[in-house]
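Following: one structure in structure tokens, then a few remarks.
The values are calculated or read from the model by the stated rules, or taken from the named source; none is laboratory data. This structure is a prediction, so every number in the text was calculated from the model and none was measured. Glycine also receives a Cβ, built like all others from the backbone with ideal geometry; neighbour counts cover every protein chain displayed. SASA here: full protein model, heavy atoms, side chains in, ligands and nucleic acids out. Shrake-Rupley method; radii C 1.70, N 1.55, O 1.52, S 1.80 Å.
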Amino acid sequence: MSVYKHYCSILMSVFAIFACVGKLCAQDILVTATVDQNILTLNDQLKLTLTIHGTQDTAHPSFPAIEGFTLLYGPSISAQEFNINGAVSVRKSYTYVLQPSAKGKFTIGPSTLEYKGKVYSSQPLKVEVVDMPRSSDAQAQNLEKLVFVELSVDKHEAYVYEQIALSFKFYFQKGLPVGDIDYTAPAAKSFMEEKLGDQRQYEEIRDGILYNVLELRTALFPMMSGDLTISAAKVKCNLIVRQQRDRRNTPSDSFFSDAFFDDFFGREQKRYPIERTTDSITLKVKPLPEEGKPKEFKGAVGAFHMEVSTQSQHVKVGDPITLSMSVYGEGNIQTIHEPVLIINKENDFKVYPSESTTQITNREEVIRGRKVFSKVIEPQKPDLKSTPAIVFSFFDPHAGQYKTITKEPIPITVEAGEQEVPIQLTLSHNNVIPAKHQVQLLTEDILPIMTNLAALRNQGNPVYRNPYIAGFLFIPAVVVITSLLISRHNDRLTSDIGYARTRRAHVMAKKRLEEARSMLRQNSPAEFFSCLSKAVSDYLADKFNIPPASATEDKVVSLLQQRGIKDDVIEDVSRCFTDYDHRRFSKDSGTVDEMERSLKLAEELITKMERQLS
């Protein structure tokens, strides 16, 4: 029988492997086409990139039909492999350089590719060639396309307490070195806020141009009805531009000249400040309807479920029964109130205040979680057959109506408690007091008469002189003081966000450095320097209790100087910020030895700052 089970398990494993392979083979690939700019002059050059996502084992994609352009050279082929959270993705790119031959508006046709019997096509692109050089207005408009920001919500109309996802996106053209990002979050005074996941980094194509995107997401819960406004978000950053030394300083070589966009990796480095502001958002928040509102409703808005259980079902009168009431689902878990016990007679159960624990299980798209209430009840009668029924009411904004969950009573068995027997020191006959011999003594003893009062003292050593006894007497005091300190520490961790961030900063930095080490082993330079940059900037943001996006080089240097940190450490921090920003967004990622030295420098730098900032 065991041999049969063994062969069955092997067979099932083989089927599972073939199923996975089949699934991988069935996955579609994606072909995209991007350009470095979609408005250019006759003197400019256009860079066209065809990218195959999902595989590197394909033939060249077809060159698209293009009017008004001449192919100068290409393709330049590059292959990349990414490992993000254990998911491996690959892509292969073909880059062409084109020269416009006429002015006007042109369409770059789709590029096609045949792979495993299927034909894949890219989307067509539109570009415009203008005859005259770019004016300052046109240059500024072009820069707006290179760096811009967006603030959006998943809905513009909601109920009070309904969850709203707020998204801030910072776009900058891929390959454009951007550093010293200073983010000012929008103000939402009439909302409760919960963070949604970590900062996201990904790529997105807009109007044929490939952008790097940094996204921050927040869950908002409106606390009042009416037209509520979310103020604009703001970002300040620096464009890190590297220009050649022999470039002439002519009017055409201005800040928005072609050289600015063509060559980021020359010998001289300059920083150009950029500031972007989003539009504000106005939401229409509706009050909760009065019609159909249950009397058990206490303000929960979302989509919830409830589970009820108990471990004690066979008890005696007065014994405690702990009811575990778990409410879980999508919504503001922190503000969920305790479900209601339906007790038919007040003297059936003695009810104690409940204790609750909250757990957020998902913060990626929306807030999901679970809140568990522990309720202690004591049955007061031996004839009780079940616990009280439990009711939880909430408002479902998707359905636009109130819903009530009712959990039926749990069967229990209650026995009568043991009778207390009074202690009798005398024995009476037939409970009747006779005329004579009423009481019979059960115990007699003779005590000596003490005449010498001086003898009423301890003949041994005094207890207070025994060091062991004195030591034991101090143990409860030490335990109480230690418990108070631990309790105060835990309370402060939950109530004082700045204190909690400061205490965990070093631990979180070590975890991020381990992620960087993992990226180093996988030979992923961009992800490696992104992890290093996040480790240093987030560590300093936690230490100074500022938003991670506000931990820019200038601000961090100013804060370190205020704290009296040594100049050599401040210089190392500034150098790290500049180096990481450059290597994250450029092709000059350095050798493996240089990456290892960068990792070691980051570890030593965080250790130094931990000693001086503690």
Checklist entry - Which ones in the stretch 305-317 are in contact with a Lys or Arg (Cβ under 8 Å, 6 or more places away or on another chain) and open to solvent by less than 30 Å² (accessible area, probe 1.4 Å)? => result Met306
Item to check | Subset of the stretch 565-586 [more than 29 Å from the chain's Cα centre (by Cα), open to solvent by 40 Å² or more (accessible area, probe 1.4 Å) and touching a residue at least 40 places away in the same chain (Cβ under 8 Å)] | outcome: Lys566
Checklist entry - Out of all the residues in the stretch 337-348, is one or more under 29 Å from the mean Cα position of the chain (by Cα) and of a type in the set (A, V, I, L, M, F, W, C)? => result no
Checklist entry - Would you pick out the residues in the stretch 91-125 that are open to solvent by less than 40 Å² (accessible area, probe 1.4 Å) and of a type in the set (Val, Ile, Thr)? => result Thr95, Val97, Ile108
Next on the checklist: Please determine whether any residue of the stretch 268-280 is touching a helix residue (DSSP H, G or I) at 6+ places or on another chain (Cβ under 8 Å) and within 27 Å of Ala219 (Cβ to Cβ).
Outcome noted: no
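Condition check ((1) of a type in the set (S, T, N, Q); (2) out of contact with any Leu (no Cβ under 9 Å at 6 or more places or on another chain); (3) modelled with pLDDT of 90 or more) across all residues:
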{"position": "Val127", "(1), (2), (3)": "no, no, no"}
{"position": "Val130", "(1), (2), (3)": "no, no, no"}
{"position": "Ala138", "(1), (2), (3)": "no, yes, no"}
{"position": "Asp154", "(1), (2), (3)": "no, no, yes"}
{"position": "Glu157", "(1), (2), (3)": "no, no, yes"}
{"position": "Glu162", "(1), (2), (3)": "no, yes, yes"}
{"position": "Met224", "(1), (2), (3)": "no, yes, yes"}
{"position": "Thr229", "(1), (2), (3)": "yes, no, yes"}
Item to check | Scope the stretch 36-73; condition assigned to a loop (DSSP other than H, G, I, E, B), closer than 26 Å to Val119 by Cβ and open to solvent by 60 Å² or more (accessible area, probe 1.4 Å); matching residues | outcome: Gln56, Asp57, Ala59, His60, Phe63, Ala65, Glu67
Next on the checklist: Given the options Lys381, Lys293, name the one that is touching a residue at least 60 places away in the same chain (Cβ under 8 Å), in the same structural domain as His398 (by TED's automatic domain parsing), charged (D, E, K, R) and surrounded by fewer than 15 Cβ atoms within 10 Å (Cβ to Cβ).
Outcome noted: Lys381
Checklist entry - Out of the residues in the stretch 263-276 that are under 25 Å from Ala233 (Cα atoms) and either surrounded by 14 or more Cβ atoms within 10 Å (Cβ to Cβ) or of a type in the set (Gly, Ala, Ser) (or both), which is modelled with the highest pLDDT? => result Arg276
Item to check | Members of the stretch 193-222 found to be within 29 Å of Ser122 (Cα to Cα), surrounded by 14 or more Cβ atoms within 10 Å (Cβ to Cβ) and among the hydroxyl-bearing types (Ser, Thr, Tyr), listed by number | outcome: Tyr211
Item to check | Subset of the stretch 525-548 that is open to solvent by 20 Å² or more (accessible area, probe 1.4 Å) and touching a Leu at 6+ places or on another chain (Cβ under 7 Å) - its residue that is nearest to Glu515 (Cα to Cα) | outcome: Lys543
Checklist entry - Which residues, counting only those in the stretch 335-361, are hydrophobic (A, V, I, L, M, F, W, C) and in a loop (DSSP other than H, G, I, E, B)? => result Ile336, Ile343
Checklist entry - Can you name the condition, by its number, that Lys510 falls short on among (1) at pLDDT 80 or above; (2) not assigned by TED's automatic domain parsing to the domain that holds Thr578? => result (2)
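Residue-by-condition table, conditions (1) within 23 Å of Ser550 (Cβ to Cβ); (2) touching a Phe, Trp or Tyr at 6+ places or on another chain (Cβ under 8 Å); (3) modelled with pLDDT under 90:
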| position | (1), (2), (3) |
| --- | --- |
| Val235 | yes, yes, no |
| Phe261 | no, no, yes |
| Asp279 | yes, no, no |
| Val285 | no, yes, no |
| Gly292 | no, yes, no |
